[in-house]
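Participant: My structure is below; once you've seen it, I'll send some questions.
The values are calculated or read from the model by the stated rules, or taken from the named source; none is laboratory data. Small disclaimer: the values here were computed from a predicted structure and weren't measured. In this analysis, Cβ positions are derived from the backbone assuming ideal geometry, glycine residues included, and neighbour counts consider all displayed protein chains. Quick note on the areas: whole protein, heavy atoms, side chains included, nothing else; ligands and nucleic acids left out. Shrake-Rupley method; radii C 1.70, N 1.55, O 1.52, S 1.80 Å.
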Amino acid sequence: MLTKVLKYDLKLTYKTLAGFYTVLMIFAYAAGDERFFNGSYFSRFIEELLKLSTAALITATVVMSLWIVFQRFAENLYGNESYFTHTLPVSRTTVYVSKFLSLLTVLLTSAAVCMAAYFLAFYSGGRVSEWQRVLRNYSNIYGISIAIVYLLIFAVCMLQMICLVQCGHFGIITGHRANDGRNVKSVVLGFCMYLIINAAGSIGFFAAGSFFPKVRDLFYNGTADIKTLCGLLSAAGIYYAASAALLFAICLKIFKKGVNVE
Amino acid sequence: MDFVFDNDRPIYIQLVEQMEKFIVSGELASGVRLPSVRDFAVRCRVNPNTMQRALAELEELGLIYTERTNGKFVTSDEDLIKKFREKYAENKAVNFLTEMEELGYTKEETLEYLKNLNQED
Amino acid sequence: MELLKCVDLSKSYGDDEALKDINLVIPKGRIVGLLGKNGAGKTTLIKLINDLLTPTKGEILINERPVGVESKKVISYLPERSYMNKSMSVKEALSMFKEFYEDFDYEKCKKTLKKLDLDMEMKISKMSKGMQEKLQLILVMSRRAELYILDEPLAGVDPAARENILDMILTNLGEDASLIISTHLISDIERILDDVIFINEGRIILYSPADELRNRENASIDDIFRRMFKC
C-alpha cells in the first residue's frame, strides 16, 4: 500500500513542480550557452538578464518546493482531499511515511535541479574546468579532498531543510488539533519548533566552543582550519539528523492519535 | 405497469393494493412470472425489503406463489382472481352507492340515473 | 448481525457538544435515513464513523471491530463536498479507486458513467459542481461495499435528476449491504427507506421502521418530521 500512496503523493506534487523545473532549466541553458551571444552590447544585456532570471528562478524553485510540500501536506491530510485520504483502507503510519518519503524526494530533486541550473548558467563550457582546477588547488593546500567539504555542507543543508519541513509538518499536525484558528496556529507552532531546534543547536555550538579552543577561535577570528570545519559540519549533520528522526517520531505519534478534519 | 405512491401510508400496503389491482384487471396476467425481488424493487423505485414484504403479503392472499427454483408467479387460479375482482367491484359499488346516498339519491334513483347515463353513451 | 454499532458516542468541540451519548445499531441489509435539520449532528456522526473525527467519548464498532483499515475496506463513503484532487481526469480517478479498493468494479463504473454522459477524459476541474457530485456518487456506488454512507447526496442535484440518483443507488446496492443516507430533503427519498433516524441537537430522537411510523402517525415521514421540529 505504501508504494500506491507514495505514487499518488509524488504524482500530484510533481504535476506542479515539473513546470517549474522545466522553465528553470530552459532559462539556465539559454543563459549559459555562449553560442547565443555575439559580444554586442545588446547580447551582453540579454545574457545578464537571463542569468539574473535564472538566479531568481532558482530561489523561486526552492521556495516553491517548500510551499508545494506544505500545501500538499495540509490539503491531503486536512483539506477537502482529506476526506479521501483518511477513508482509504490504509493505516495512518503508511500515510505519514509516504508524506515523509515524498518530502525527501522533493528536496533531493529540487536540490539537483537547482544545482544543475546553476552550473548550466554560470559555469558552462570552459568555466567548469576552471572550477575543477580551483577545487584541486584547495585540496592540495589543505590536504583534504575539498569535495568532501562540499559534500558535508550539502548534507548539512539538506538535513537542515528536512528539519525545517518537518517543523512545518509538526505545526500543521498540532495546529489542526485545535478547534479554531487552525492555520495561524499551524504556522506559529511550526515556527516555534524550528526556533527551538536551532536555538538548541546554537547552544550546543557555544558549549563546544568552551571545550575545544579551535572552535572558540572561530568565534574570534571567523576562521578555522579545515579539519575543525569538517568536525563541526559533521556534528551539525548528526544533530540535524537526530532532530529529524525525533520530529518524525513525534509527528507520527500525534498523527496516529487521529484527525479532526473540518 | 406504473406504481404511484403517496408518502402518507406504509409503502408495502400501497404496493399490495396496486399489485392486487393489476392482477385483478389482468394487467398482470395470470400465470406470469414476476421479476426478482430486487429488479422489481428497482423498477418500482422502492426498497427491496419493502417489496419483499409486499410480495409475502400477496403470497399469503394466494395471489402469487413461489416455485422453489424459478421465482415468483402470478396465480393461475382464475376462480381466486375472480373472487378478488368481485370483492374489488363490491367495494367500489358500495362506496359509490354511499356517496350517491349522501347526495340525496335513493337506490332506485341511482339505478335510473345509471341507466340513462348508459343510454347517452 | 450488527454491521455498525455506536456505544455512548459523544463528540464535543470545546464547550460545544455536537453529539451526545449516541447509542445505535444498524444491522445488515437495511436502508436507513439519517434525518435532521442542518447542524443537527448528521455530518458529525458520519464523520466519526469514517474516522475523520476522533470521538470525545464512547466507541464505534464495525463488524464488531473498532474503526480502522478493516472498516474502511467495507465502508463506501460519499462526503458532502468534492474530495477528489481537481487536477485529475475522470479516468485517473477511476484507476485510483481501482488501486485502493479491492471491491471496486471498474467496468460497472465505466458503464454507469457512459449512461449518465460523463466523459472519461474530462478533467475534474473542468466539471460543474453537479457533474462532480454525480461522478463521486458513481465512484462510491461502484464499490461492492458492506456499508454505504451517503451524506446529502441529493443536495446539489436538480429535482429532475433525483430519480436517476435513487435508481442508481437501488440498482447498485448489494443483497446484504446496508445504506445510511443523510438528508434534509426527506420527501424525495422516504420511499426507499427501511428505517428512519431523527437526529436533533446532537441526540437521536427517534429510530423506527419507516412503515411502522407511517402507520402509527397516519402521515408521511416528511410530515412527521416537520411536525416534530416545527419547520
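Participant: Over 31 Å between Cα atoms: which of A:LYS256/C:LYS98; B:LYS21/C:LYS108; A:LYS99/C:LYS11; B:LYS21/C:LYS111 fall into that group?
Facilitator: Listed pairs above 31 Å: B:LYS21/C:LYS108; B:LYS21/C:LYS111.
Participant: Check which residues have an amide H placed less than 5 Å from C:LEU3's amide H, if you skip close sequence neighbours.
Facilitator: For C:LEU3, whose amide H was placed from the backbone, the distant partners under 5 Å are C:ILE26, C:LYS28.
Participant: At 1.4 Å probe size, with every protein chain present, just tell me what the per residue accessible area of chain C comes to in Å².
Facilitator: Heavy-atom SASA per residue in chain C reads 42 Å².
Participant: With a 1.4 Å probe and every protein chain kept in, tell me what percent of the accessible surface of chain B is carbon plus sulfur.
Facilitator: 47 percent
Participant: Counting only the heavy atoms of the protein chains, how much of C:SER220 is accessible to a 1.4 Å probe, in Å² to the nearest 10?
Facilitator: 10 Å²
Participant: Considering amide H positions built from the backbone, and no H for Pro or chain starts, which residues 5 or more places from C:LEU78, or on another chain, come under 5 Å of its amide H?
Facilitator: When sequence neighbours closer than 5 places are left aside, the close amide H contacts are C:ILE149, C:LEU150, C:ASP151.
Participant: I'd like the FRET efficiency for A:GLN132 and C:LYS91, computed as 1/(1 + (r/R0)^6) with the beta carbon distance as r and R0 of 41 Å, rounded to 0.05.
Facilitator: 0.25
Participant: What is the packing order of peptides B:18-27, B:67-76, A:71-80, taking the mean over residues of other C-beta atoms within 10 Å and listing the highest first?
Facilitator: Ranking the peptides B:18-27, B:67-76, A:71-80 by packing returns A:71-80, B:18-27, B:67-76.
Participant: If R₀ is 25 angstrom, what is the calculated FRET efficiency for the pair A:PHE42 and A:THR16, using the beta carbon separation as r and rounding to 0.05?
Facilitator: Step by step, r from the Cβ atoms, then E = 0.10.
Participant: If you don't mind, there's one more thing I want to ask. Can you list the residues of the range C:35-64 whose accessible area drops by at least 10 Å² going from the chain on its own to the full set of protein chains, with a 1.4 Å probe?
Facilitator: C:LYS47, C:ASN50, C:ASP51, C:LEU52, C:LEU53, C:THR54
Participant: Viscosity 0.692 mPa s, temperature 37 °C: give me the Stokes-Einstein translational D for chain A in µm²/s, with Rh taken as the Kirkwood radius over C-alpha pairs.
Facilitator: Estimated diffusion coefficient is 156 µm²/s.
Participant: What's the angle, to the nearest 10 degrees (0 to 90), between helix C:90-100's Cα axis and the longest principal axis of chain C?
Facilitator: 60 degrees
Participant: Each label point is 7 Å from the Cα along the Cα-to-Cβ direction; what then is the distance between the points at C:LEU185 and A:GLU34, in nm?
Facilitator: About 7.1 nm separates the two model spin labels.
Participant: Related question: Using only protein heavy atoms and a 1.4 angstrom probe, determine the accessible area buried between B and C, summed over both sides, in Å² to the nearest 100.
Facilitator: 1700 Å²
Participant: Specify whether the C-alpha gyration tensor of chain C places it in the rounded, prolate or oblate class, a ≥ b ≥ c being the square roots of the eigenvalues: rounded for a/c under 1.5, otherwise prolate if a/b is larger than b/c and oblate if not.
Facilitator: Verdict is prolate for chain C.
Participant: Here's another thing I want to ask about it. What figure, in Å² to the nearest 10, do you get for the accessible area of A:VAL97 with a 1.4 Å probe and non-protein molecules left out?
Facilitator: 40 Å²
Participant: Now for a separate question. Express in Å², to the nearest 10, the accessible area of A:TRP67 obtained by rolling a 1.4 Å probe over the protein heavy atoms while all chains stay in place.
Facilitator: Result for A:TRP67: roughly 150 Å² accessible.
Participant: Taking 0.36 nm per residue of sequence separation and subtracting the Cα-Cα distance, how much length would be gained by fully extending the chain between C:ASN164 and C:GLU212, in nm to one decimal?
Facilitator: The C:ASN164-C:GLU212 span can extend by a further 14.6 nm.
Participant: Go through the range C:60-89 and name the GluC sites (Glu not before Pro) that are in a DSSP coil and have 11 or fewer other Cβ atoms within 10 Å of their Cβ.
Facilitator: Listed in order of number, the matching sites are C:GLU64.
Participant: Per residue, how big is the convex hull around the C-alpha atoms of the protein assembly as shown? Give it to me in cubic angstrom, could you?
Facilitator: Convex hull of Cα atoms, per residue: 246 Å³.
Participant: Rounded to the nearest 10 degrees, what's the angle between the helix A:226-256 long axis and the longest principal axis of chain A, both from Cα atoms, 0 to 90?
Facilitator: Long axis of A:226-256 versus the principal axis of chain A: about 20 degrees.
Participant: Moving to a separate point now. Quick one: with all protein chains in place, what share of the accessible area of chain A is carbon or sulfur, to the nearest percent (1.4 Å probe)?
Facilitator: 71 percent
Participant: Got a sec to turn the phi values of the range A:68-81 into Karplus ³J(HN,Hα) couplings, 6.51 cos²θ - 1.76 cosθ + 1.60 with θ = phi - 60°, whole Hz, x for Gly and Pro?
Facilitator: Computed from phi, the couplings for the range A:68-81 are 5, 4, 5, 4, 4, 4, 5, 5, 5, 9, 9, x, 4, 4 Hz.
Participant: Calculate, for the range B:11-76, the solvent-accessible area per residue in square angstrom, rolling a 1.4 angstrom probe over the heavy atoms of the protein chains.
Facilitator: The answer is 47 Å² per residue.
Participant: Another one. Where the centre of each part is set by its Cα atoms, how far does the range C:22-52 sit from the range C:152-231, in angstrom?
Facilitator: 12 Å
Participant: Remind me, relative contact order of the range C:25-99 in percent, using alpha carbon pairs under 8 angstrom and six or more residues apart?
Facilitator: Relative contact order here is 15 percent.
Participant: Another question about this same structure. Could you work out the Rg to Rh ratio of the range A:1-125, with Rh taken as the Kirkwood radius (inverse of the mean 1/r over all Cα pairs)?
Facilitator: Result: Rg/Rh = 1.16.
Participant: A further question on this structure: Please turn the phi angles of the range C:19-30 into ³J(HN,Hα) values with the Karplus equation 6.51 cos²θ - 1.76 cosθ + 1.60 (θ = phi - 60°), one per residue in order, whole Hz, x for glycine and proline.
Facilitator: Karplus-based 3J(HN,Hα) across the range C:19-30 equals 9, 10, 6, 7, 10, 7, 10, 10, x, 6, x, 10 Hz.
Participant: Please list, in order along the range B:59-65, the HN-Hα scalar couplings obtained from phi with the Karplus expression 6.51 cos²θ - 1.76 cosθ + 1.60 (θ = phi - 60°), rounded to whole Hz, x for Gly and Pro.
Facilitator: Couplings: 5, 4, 6, x, 6, 10, 9 Hz.
Participant: Quote the FRET efficiency, to the nearest 0.05, computed for A:MET115 versus C:GLU175 with a Förster distance R0 of 56 Å and r equal to the Cβ-Cβ distance.
Facilitator: 0.40
Participant: From Cα pairs below 8 angstrom and at least 6 apart in sequence, can you work out the relative contact order of chain C, rounded to a whole percent?
Facilitator: That works out to 27 percent.
Participant: Regarding the range B:11-76, what is the average projected area of its C-alpha convex hull, in nm²?
Facilitator: Reported value for the Cα convex hull: 3.9 nm².
Participant: Another question, if that's okay. Residues of B:7-20, mean number of Cβ from any other protein chain within 10 Å of their own Cβ, rounded to a whole number?
Facilitator: Average neighbour count from other chains, rounded to a whole number: 4.
Participant: What total accessible area, in Å², is buried where chains C and A meet, using a 1.4 Å probe and rounding to the nearest 100?
Facilitator: 2700 Å²
Participant: Separate question: Once you average over the residues of C:75-86, how many Cβ atoms of partner chains fall within 10 Å of each Cβ?
Facilitator: Across the residues of C:75-86, the mean count of other-chain Cβ atoms within 10 Å is 4.
Participant: When the Debye formula is applied to the Cα atoms of the range C:161-208, each taken as the same point scatterer, what base-10 log of I(q)/I(0) results at q = 0.14, 0.20 Å⁻¹?
Facilitator: For the range C:161-208, the Cα-only Debye profile gives -0.41, -0.78.
Participant: Still on this structure, I have one more. How tilted is helix C:106-115 with respect to the longest principal axis of chain C? Cα atoms for both, answer in degrees (0 to 90, nearest 10).
Facilitator: Here the helix axis deviates by roughly 90 degrees.
Participant: With just the Cα atoms defining each centre, how far is the range C:60-76 from the range A:48-103? Give it in Å.
Facilitator: If you average the Cα positions of each part, the centres end up 30 Å apart.
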